[in-house]
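Participant: Sharing a structure, written as structure tokens. Questions coming.
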Ligand code: 5GP
Ligand code: ZN
């Protein structure tokens, strides 16, 4: 999609620090990390603006992101745990309207989510 920063990253038009890639999924390090490990997992295709648009048509890409997150957690040795988050809409402070999941780890996080 034109003017979508994550589509541009997926197309290689904007550089990123890649953590994982397959045919449908790209994982890369967040430019403003909020934890020692902060990786974004995106479907390469612009299949949804956010979690509110998840449905049967894009569930394979969603599953691909989640499988990749678990695989990365194993590869990176995140045995103390991790948080997998997706923000949808203004109340959740979503800033990039291309479905993505944040994989956060490497520090003790707060029990409260807000
Ligand atoms: P959101 O706020 O939409 O849930 O998350 C968007 C995330 O994308 C933010 O954590 C932000 O730091 C990250 N981000 C925005 N633009 C870029 C970029 O060009 N490169 C990388 N690596 N991360 C980005
Ligand atoms: Zn996009």
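The numbers here are math on the coordinates, done by the rules we state, and not lab data. All of these numbers come straight from a predicted model, not from anything done at the bench.
Participant: State the Cα centre-to-centre distance between the stretch 83-114 and the stretch 38-81 in whole Å.
Facilitator: Each part reduced to its Cα centre gives a spacing of 12 Å.
Participant: Once the Cα atoms of the chain are picked out, what are the Rg and Dmax in Å?
Facilitator: Calculated on Cα positions, Rg and Dmax stand at 13.5, 39 Å.
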